[in-house]
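Below: the structure, in structure tokens.
The values are calculated or read from the model by the stated rules, or taken from the named source; none is laboratory data. The structure presented is a predicted model; accordingly, all values stated were derived computationally and were not measured. Reconstructed Cβ throughout: ideal geometry from the backbone, glycine too, with neighbour counts over all protein chains shown.
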């Protein structure tokens, strides 16, 4: 199969590899199409930059974006479960709020 492979700093290539297996807790298996979709989204948000040859690299659009990414990195390294729970709680709160708009109420 084809996969994006980390070869070092600013060196991610699409290589032919064996079928993936989760080996480490932070491993992820993502299709090439999904990876490209997410990388393009990160590029649109100013977190990564695309090089002329089509590669992506970390390249914050501003010092503010860089500072926010550093804060997020520190939070994930110190308390990954808490950070993940917060992300899901924010998402669920928006969904609950949307769903509450359709609840029937007694007048």
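In the set 66, 34, which member is closer than 26 Å to residue 81 by Cα and either in the same structural domain as residue 83 (by TED's automatic domain parsing) or surrounded by 14 or more Cβ atoms within 10 Å (Cβ to Cβ) (or both)?
66
Kindly indicate whether any position in region 25-47 is assigned to a loop (DSSP other than H, G, I, E, B) and either in contact (Cβ under 8 Å) with a residue 60 or more places away in the chain or in contact with a strand residue (DSSP E or B) (Cβ under 7 Å, 6 or more places away or on another chain) (or both).
Scanning region 25-47 turns up no residue that is assigned to a loop (DSSP other than H, G, I, E, B) and either in contact (Cβ under 8 Å) with a residue 60 or more places away in the chain or in contact with a strand residue (DSSP E or B) (Cβ under 7 Å, 6 or more places away or on another chain) (or both).
Could you grab the pairs with beta carbons closer than 9 Å, sequence gap of 6+ or different chains, first residue in region 65-84 and in contact (Cβ under 8 Å) with a residue 12 or more places away in the chain, second one surrounded by fewer than 12 Cβ atoms within 10 Å (Cβ to Cβ)?
65/45
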